[in-house]
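A.B. asks: Structure provided below as structure tokens; questions to follow.
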């Protein structure tokens, strides 16, 4: 469903070079918005994306370079004393490490809100995450702190909490394609999610600007179809490859050994602090579903998790099995 465009449509996108940010920019440009993309001069995994490549990726928008972690840089290089109607934040920490989480998921996003106020923006669309429902990790706490600030700001807001992205469950595609087993924790049915494509999520976020029923709300959102477990994800890969499923089971209890050791060592060697957090992140994603949490029962509810879009995981797997994962930016901290 497409809604009427607002009378004014000048949008600033921060986190524009991220996995979702690029698609959000393209979607807004396609809808006719006047888009300014704010980005670092070197972005992407290991800062491998140059300024010229960034301009190509964000074609149709005006690309401005600076540091969103520095409010003065965002104001001078991004806002430039101009007026914007909407600010969209697709900022998210790349690693989930403790320092990175508070620097990006909270401070940089807080800077974006301050810039939005200075620019006279009336609306702020935030890309968050469904896992903040049960905050046991630093990046979740950082995201929640900003969510609360945004709600209290008085600005019209939409807080979008997607389930898993296709990217986040694509880490084993290449290894399975090469004949290796699909690795799963326990029986592979400990957790489930409703993965959503980057393009569908971008459309949903753009709709938040135009649809009053998606404003001043927290919006959990998943992709089309039923929730899918890790085992079912693996079975789907093997089915598309025309092979018999071959699984390797990893006991979840492994984290109960790793985490206490790393936590103890991190007190002696601070450089290990993030390693301990990465282990906690690993445990979280092997034990918690990316679905709406029923706070009354403490259980995840697939039926209560909204679905959106038309891109299916089957289509995504078929596409990357044929053409590879170029552009998915799995990064250095992919689990497998």
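All of the numbers you see were taken from the coordinates with simple rules; none came from a lab. Note that the coordinates shown come from a computational prediction; the quantities given were computed from them, not determined experimentally. Using ideal geometry, Cβ is built from the backbone for each residue, glycine included, and neighbour counts are taken over all protein chains shown.
A.B. asks: Of the residues 239, 288, 114, which exhibits the maximal mean-square fluctuation in a Gaussian network model of the chain defined by a 10 Å Cα contact cut-off?
C.D. replies: Greatest mean-square fluctuation among the candidates belongs to 239.
A.B. asks: So what is the diffusion coefficient of segment 133-202 in µm² per second by Stokes-Einstein at 10 °C and 1.306 mPa s, using a Kirkwood Rh over Cα pairs? Mind showing how you got there, number by number?
C.D. replies: Values: Rh = 15.3 Å.
D, rounded to a whole number, is 104 µm²/s.
A.B. asks: Per the Kirkwood definition applied to all pairs of different Cα atoms, how many angstroms is the hydrodynamic radius of segment 24-98? Kindly include the intermediate steps, with their values, before the conclusion.
C.D. replies: Values: mean 1/r = 0.0748 Å⁻¹.
Taking the inverse mean of 1/r over all distinct Cα pairs, segment 24-98 comes out at 13.4 Å.
A.B. asks: Kindly provide the Kirkwood hydrodynamic radius of segment 204-264 in Å, to one decimal, from all pairs of distinct alpha carbon atoms. Before the final figure, lay out the partial values.
C.D. replies: Working: mean 1/r = 0.0614 Å⁻¹.
Radius from the Kirkwood sum: 16.3 Å.
A.B. asks: Pairing the Cα long axis of helix 109-118 with the longest principal axis of the chain, what angle in degrees results, from 0 to 90 and rounded to the nearest 10?
C.D. replies: With both axes taken from Cα atoms, the answer is about 20 degrees.
A.B. asks: Taking the Cβ of each residue in 184, 155, 205 as the centre, tally the other Cβ atoms inside 10 Å and list the residues starting with the fewest.
C.D. replies: Values: 184 22, 155 17, 205 28.
Ascending number of Cβ neighbours within 10 Å: 155, 184, 205.
A.B. asks: To the nearest 0.05, how large is the calculated FRET efficiency for residue 232 and residue 53 if R₀ is 45 Å and r is the Cβ-Cβ distance?
C.D. replies: Numbers: r = 36 Å, r/R0 = 0.81.
Step by step, r from the Cβ atoms, then E = 0.80.
A.B. asks: How would you order 84-90, 250-256 from highest to lowest mean count of nearby Cβ atoms within 10 Å? Let's see the in-between values first.
C.D. replies: On the way: 84-90: 26.0, 250-256: 13.4.
Order by mean packing, descending: 84-90, 250-256.
A.B. asks: Give me the angle, in degrees from 0 to 90, between the Cα long axis of helix 198-210 and the longest principal axis of the Cα atoms of the chain, rounded to the nearest 10.
C.D. replies: That helix lies at roughly 40 degrees to the long axis.
A.B. asks: Evaluated at 25 °C with a viscosity of 0.890 mPa s, what Stokes-Einstein diffusion coefficient in µm²/s does segment 76-203 have when Rh comes from the Kirkwood expression over alpha-carbon pairs?
C.D. replies: Stokes-Einstein gives a translational diffusion coefficient of 148 µm²/s.
A.B. asks: Continuing with this model, one more query. Output the direction-averaged projected area (hull surface divided by four) of the convex hull of the alpha-carbon atoms of segment 136-295, in nm². Walk me through the numbers before you get to the answer.
C.D. replies: Numbers: hull surface 48.8 nm².
Convex hull of Cα atoms, orientation-averaged projection: 12.2 nm².
A.B. asks: Follow-up. Which whole-number percent gives the relative contact order of segment 161-238, counting Cα pairs below 8 Å spaced six or more residues apart? Before the final figure, lay out each step's value.
C.D. replies: Numbers: 77 pairs, mean separation 36.1, N = 78.
Normalised by residue count, the contact order of segment 161-238 is 46 percent.
A.B. asks: With contacts defined as alpha carbon pairs under 8 Å and 6 or more residues apart, what's the relative contact order of segment 116-165 in percent?
C.D. replies: On the way: 45 pairs, mean separation 26.5, N = 50.
It rounds to 53 percent for segment 116-165.
A.B. asks: What angle do you read, to the nearest 10 degrees and between 0 and 90, between the alpha-carbon axis of helix 21-30 and the longest principal axis of the chain?
C.D. replies: Its long axis makes an angle of about 50 degrees.
A.B. asks: With viscosity set to 0.890 mPa s at 25 °C, what whole-number translational diffusion coefficient in µm²/s follows for segment 16-149 from Stokes-Einstein and a Kirkwood radius over Cα pairs?
C.D. replies: Details: Rh = 15.1 Å.
This corresponds to a translational diffusion coefficient of 163 µm²/s.
A.B. asks: Here's something else I'd like to know. For every helix of n ≥ 4 consecutive DSSP H residues, a contribution of -39,500 (n - 2.57) applies; sum these over the chain, divide by its total residues, and give [θ] at 222 nm rounded to the nearest 500 deg cm²/dmol. Before the final figure, lay out each step's value.
C.D. replies: Details: 10 runs with 113 residues, N = 336.
The helix contribution divided over the chain gives -10500 deg cm²/dmol.
A.B. asks: Normalised by the number of residues in the chain, what is the relative contact order in percent for Cα pairs under 8 Å and 6+ residues apart?
C.D. replies: Values: 607 pairs, mean separation 59.3, N = 336.
Worked out over the chain, it gives 18 percent.
A.B. asks: Evaluate the Debye formula for segment 75-148 with equal point scatterers sitting on the alpha carbons, no solvent, and hand back log10 of I(q)/I(0) at q = 0.13, 0.20, 0.21, 0.24 Å⁻¹, in q order, two decimals.
C.D. replies: Ignoring solvent entirely, the Cα scatterers give -0.39, -0.80, -0.86, -1.02.
A.B. asks: What span do the alpha-carbon atoms of the chain cover on each of the three principal axes, reported in whole Å from largest to smallest?
C.D. replies: Over the chain, Cα extents along the principal axes are 57, 50, 46 Å.
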